[in-house]
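The values are calculated or read from the model by the stated rules, or taken from the named source; none is laboratory data. This one's a predicted model, so the numbers in the text were calculated from it and none came from an experiment. We place every Cβ from the backbone using ideal geometry, glycine too, and count neighbours over all the protein chains shown.
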Amino acid sequence: MTFNFEQVHNYYERLVFEEVVQRAAQYPGFTNDMLADVSCVALNRLPARYVRHDVDMMFYLTEQERQAIELSLEEVLSFAFRFVGERSAKTAPEA
């Protein structure tokens with residue numbers, strides 16, 4: 001028997017990645033590695049919601065749940081950009 005789990009993914013991954021890309025221009029000093037760190041920090045602060053198809057998740061959400069997801073994304077992304085920025089500033093070599 002063959003199993004195929006390629007479609008299974010964390011629902012929040014795509015949302016976080018897209019938001020990080022959109023916000024990257026607001027953080028010109030962030031490297032690609034820092035943006036990847038932002039994504040990791042944000043995803044680690046969100047609950048894992050594994051799905052096969054994103055559309056299935058959206059279909060079953062209430063309007064309140066959609067709004068809660070949007071608020072959660074805003075909070076975790078703001079935190080993650082701040083967190084990574086502060087950590088990078090502390091470890092940057094002094095000129």
- Can you tell which of VAL16, VAL55, VAL21 is modelled with pLDDT of 95 or more, more than 15 Å from GLU86 (Cα to Cα) and surrounded by fewer than 16 Cβ atoms within 10 Å (Cβ to Cβ)? VAL21
- When you look at ARG23, is it in a helix (DSSP H, G or I), touching a Phe, Trp or Tyr at 6+ places or on another chain (Cβ under 8 Å) and not aliphatic (A, V, I, L, M), yes or no? yes
- Query: Which of the residues belonging to the range 67-95 are part of a helix (DSSP H, G or I) and either surrounded by fewer than 12 Cβ atoms within 10 Å (Cβ to Cβ) or of a type in the set (Ser, Thr, Tyr) (or both)?
  - Reply: GLN67, GLU70, LEU71, SER72, GLU74, SER78, GLU86, SER88, ALA89, LYS90, THR91
- Message: Could you tell me how many of the residues in the range 30-49 are in contact (Cβ under 8 Å) with a residue 40 or more places away in the chain and not in a helix (DSSP H, G or I)?
- Response: 1
- Message: Just to verify a result, which residue in the range 3-13, among those that are surrounded by 11 or more Cβ atoms within 10 Å (Cβ to Cβ) and of a type outside the set (D, E, K, R), is farthest from ASN44 (Cα to Cα)?
- Response: HIS9
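Okay, residues lined up against (1) of a type in the set (Ser, Thr, Tyr); (2) out of contact with any Pro (no Cβ under 8 Å at 6 or more places or on another chain); (3) under 30 Å from ASN4 (Cα atoms):
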residue	(1), (2), (3)
ARG23	no, yes, no
ASP33	no, yes, no
VAL51	no, yes, yes
ASP54	no, yes, yes
MET57	no, yes, yes
SER78	yes, yes, no
VAL84	no, yes, no
SER88	yes, yes, no
- Query: Within the range 50-66, restricting attention to residues that are in a helix (DSSP H, G or I) and touching a residue at least 24 places away in the same chain (Cβ under 8 Å), which residue is farthest from ALA24 (Cα to Cα)?
  - Reply: MET57
- Message: Any residue at all in the range 65-80 that's among the aromatic types (Phe, Trp, Tyr) and modelled with pLDDT of 85 or more?
- Response: yes
